[in-house]
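Report on one structure; see the data block that follows.
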Amino acid sequence: MSAVHTAGREVRDHAGVRIGVATDGGDVYDYSGVRIGTVTSTGDAYDHGGVRIGKVHLAR
């Protein structure tokens, strides 16, 4: 499996609601600029406690 290019892509929660933006470094920031977690090479987003909070939205 190849890595998902995540920089600048929206991160959405399980219900499809936009919760933030992913960076090249693998961080996820909410829309107020607060770092809320990390994103894996497969596009899954996790909070600081390791709980999956969503996925990178790949459609443009």
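The values are calculated or read from the model by the stated rules, or taken from the named source; none is laboratory data. It should be emphasised that the depicted structure is a prediction, and the values quoted were computed from it without experimental measurement. Glycine gets a Cβ as well: all are built from the backbone with ideal geometry, and neighbour counts include every protein chain shown. Remember, those area values only see protein heavy atoms, side chains included, never the ligands or the DNA or RNA. Shrake-Rupley method; radii C 1.70, N 1.55, O 1.52, S 1.80 Å.
Numbers below:
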| quantity | calculated |
| --- | --- |
| Interchain or long-range residues, amide H under 5 Å from Arg9's placed H | Ala22 |
| Relative contact order for the chain, counting Cα pairs under 8 Å that sit 6 or more residues apart, in percent | 31 |
| Surface share of carbon and sulfur [accessible, 1.4 angstrom probe, percent] for the chain | 54 |
| Test item: Cα-centred dipole of the chain, Lys/Arg +1 and Asp/Glu -1 on Cβ, debye | 180 |
| Average accessible area per residue (Å²) across the chain - probe 1.4 Å, nucleic acids and ligands excluded | 62 |
